[in-house]
Structures are given as C-alpha cells and as structure tokens.
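One structure below.
The values are calculated or read from the model by the stated rules, or taken from the named source; none is laboratory data. Quantities reported herein were computed from a predicted structural model and do not represent experimental measurements. Here the Cβ positions follow ideal geometry from the backbone for every residue, glycine too, while neighbour counts run over all protein chains shown. Ligands, DNA and RNA are excluded from the accessible area calculation, which covers all protein heavy atoms including side chains. Shrake-Rupley method; radii C 1.70, N 1.55, O 1.52, S 1.80 Å.
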Amino acid sequence: MTTGLVIAVTGGIHDEFREYVVARGPALLRAARQVAGDPHDAEDLLQAALVKTYLAWERIEDRAALDGYVRRAMVNINISWWRRRKLEEYPSEELPEPVQAHLRDGLPGVHGHLPERVEQALELLPTRMRAAIVLRYYEDMTEPEIAKALGISVGTVKSTVSRGMAKLRGALVIPEVPRLEPQH
C-alpha cells in the first residue's frame, strides 16, 4: 500500500502552470544559469524550483509575483545544495597555470561579445559571490533582500558584491591595442 500526494495533471491548474512555464521558461532558465553557474546544474535548479512552484500554485494569489517566487525558490534550493556539497576546492601553495586566451580578430583575451564574456566571467566566481551579483544586478534586489535570501548579513552582501565586481572587472579588461601612426 502506498500513500502520497496526488497531483492532477489535466485541467485548469495544469494548463495555467504549463502556459506560465512556456511563456517564462527561457527567462527563468537564464536566471538559473546565472545563479548556478553551470548549464546542467541550472536546468536541475529550475526544474526543482518549478516543482515547488507547481505544488504551491493554488496558494500563490498574486500571479504577477510568480517570477519572484520561482527565483526565490531557485536561490533557496541552491543554498541547500551548497550546504550539502563537500568542499571541492582546497587551498594550494601553487597557482594553476593560466588558461591561454583565444584570439579573436587579433586581440588576445577578447572572447566574443560582451554578454557572453560577462557570463563566462560570472561562471568563474565562487557560488555565493555569483549569486549575490546576479541577485543585485540581474534581479535588481536590494542588499537587505539579498542578505535575507542568502542567509548572510548586509555587510557580507556589500563586501561580497564589491569583491565580485572587482573580479569581474579584472576578467573583462580588454587589453589596449597600440595604434599605428602613419609614417611620413
């Protein structure tokens, strides 16, 4: 004998939820990629957040706040995942060899268009730092909102965002190309 939750998969609630996912799915997946940093983890994160949203669908009265509900669920789930993971990075005496920059149009270090370069740079940031920056600049949340979402103090949000932006600026620096002056 099994007991458990039975969810109706046809009818009004299902159709309304499906329409929401079809309409907002791509934007939510972009947000999930920014929070998770890895495309595969982002898909899992979004799926988990959508399951939570579906289960709470009837309790969510303000349909205009659905994106915020899903984003909040993604952040909360991601935090839970962080806490469950073992430490995968260990301090080392030696720095790894730098990755060779690809050449594009003869300019070393320039990788494609700025949005792709920003996304690549975000992926290199530690998880909490990336989440704080995404919530601040992509989701336009205030520092107190971010602190509450991540379970950290406002001061930690400020310093984390500041350090993260410094790292992004360093990663996005385009080297100056010397201009060749015509010789007379």
What's the number of the condition residue 98 fails, among (1) in a helix (DSSP H, G or I); (2) open to solvent by 40 Å² or more (accessible area, probe 1.4 Å); (3) modelled with pLDDT under 90? (1)
Give me a count of the residues in the stretch 57-68 that are open to solvent by 80 Å² or more (accessible area, probe 1.4 Å) and not in a loop (DSSP other than H, G, I, E, B). 4
Six or more apart or on different chains, Cβ atoms under 8 Å: show the pairs whose first residue is in the stretch 137-166 and among the polar types (S, T, N, Q) and whose second is modelled with pLDDT of 90 or more. 153/147; 156/147; 160/128; 160/129; 160/132; 160/152
Return yes when residue 160 is over 13 Å from the mean Cα position of the chain (by Cα) and more than 20 Å from residue 36 (Cβ to Cβ) and no when it is not. no
Take the stretch 1-26 and flag every residue that is part of a loop (DSSP other than H, G, I, E, B) and either at pLDDT 85 or above or open to solvent by 100 Å² or more (accessible area, probe 1.4 Å) (or both). 1, 2, 3, 5, 6, 10
